[in-house]
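Notes follow once the structure below has been shown.
The values are calculated or read from the model by the stated rules, or taken from the named source; none is laboratory data. On a predicted model such as this, the values are computed, not experimentally measured, just so you know. Cβ sites come from the backbone with ideal geometry, for glycine too, and all protein chains shown count toward neighbours. When the accessible area is computed, the model is the full protein with side chains, heavy atoms only, and any ligands, DNA or RNA have been set aside. Shrake-Rupley method; radii C 1.70, N 1.55, O 1.52, S 1.80 Å.
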Amino acid sequence: MFKRNALKWLAAGGIAFTGLASTAHAQPATTDVVRIGTLSDYAPFEYKDANGQLKGMEIELAHAMCKHMQAKCEFVTMDFDALIPALRARKIDAVLAQMSITEERKKAVDFTDLFTLAPVQWVAKTGSGITDNPETLRGKTVGIYSGSNHETYLKKRLPTAKSGIRVKAYPSQDPIWLDMEAGRVQATLTDTTVAYDWLAKTGKAKGFELVGKPIDDVAMFGEGTGIAVRKGDPLRARFNAAIKQVLTDGTFAAENKKVFPFSIAPTAK
């Protein structure tokens, strides 16, 4: 989840299915079906609207990419840590869920070319004294999205027994925001893109902000996000062609502009 042009702006096991949504952008019946595993609670990339419809930047881009591939998209929503197991079990054909391309994940799946950049940074109350310095988190409780590389970062880089940081894992990001507002957790480490969305809608008005510097740890967070497919699946090449298409024809830029005042396209590095 990573990086550079966006940073300039931002510096100021078990498969638990939760739903199935077929694309409203229907393709001809003769096209093949691509089952895309995704989330339903990671705004502004994936979320359910008031009518229960799956929306978000990545969902709209997926519609455009599937049209380019002449495939019919079906979205299967589930918990983040169930996505790779579901892919390997052939329950889905691809994962599009702001999944960072890391060496550890590449042992289990193949990734497309870079799709988005996603810097990682702490969010906390203004004036809390919390920064990217681990010492400022000693004795604090932090909320972390279970199965994410943010959780892996804490386990490997800041083991709680030594750091004095209390970690509470959550099945999604939304309840972390609620517990931060209620004072049950003091900080969260997340993608700055997702934090920007929450801060703009709710968090800033309640006294929260991005704190410290974005964490530049490519080994842990990768260079950015991609679409995951099974090892050796030719679907990877089809998605790569579709990614190139949306990046060059203005589709990506148009969807990006709807939610961010900065570019998260990989060409923005």
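Some observations on this one:
- Estimated purely from DSSP H runs of n ≥ 4, each contributing -39500 (n - 2.57), the mean residue ellipticity at 222 nm for the chain is -8500 deg cm²/dmol once divided by its residues.
- Solvent-accessible heavy-atom area per residue, rounded to whole Å², over the chain at 1.4 Å: 44 Å²
- Applying 1/(1 + (r/R0)^6) with r as the Cβ-Cβ distance of Val33 and Ala219 and R0 = 51 angstrom yields a FRET efficiency of 0.90.
- Net +/- balance of residues flanking Lys156 in space, Cβ distance below 15 Å, scoring K and R +1, D and E -1: 0
- Length gained when the stretch Asp132-Lys91 is fully extended (0.36 nm per residue, less Cα-Cα span): 10.9 nm
- Here is the tail figure for the chain: Cα pairs spaced more than 36 Å apart come to 11 percent of all pairs.
- Restricting the range 83-190 to trypsin sites (Lys or Arg not before Pro) in coil, as DSSP defines it, with at most 15 other Cβ within 10 Å: Arg90, Lys107, Arg138, Arg184
- Ranked order, Tyr42, Tyr47 - accessible area, probe 1.4 Å, largest first: Tyr47, Tyr42
- Proximal aspartates and glutamates relative to Lys72, as straight alpha-carbon distance under 19 Å, when same-chain residues fewer than 8 apart are discounted: Asp32, Glu46, Glu58, Glu60, Asp93, Asp233
- Sequence ranges 76-82, 130-136, 210-216, ranked by mean other-Cβ count within 10 angstrom, highest first: 76-82, 210-216, 130-136
- Inter-label distance for Ala169 and Thr202, nm, one decimal - labels placed 7 Å from Cα along Cα-to-Cβ: 2.3 nm
- Fully extending the segment from Leu178 to Ala241 would add 18.8 nm, taking 0.36 nm per residue of separation and subtracting the current Cα-Cα distance.
- If the segment from Ala161 to Gln53 were pulled out straight at 0.36 nm per residue, it would be longer than the present Cα-Cα gap by 34.7 nm.
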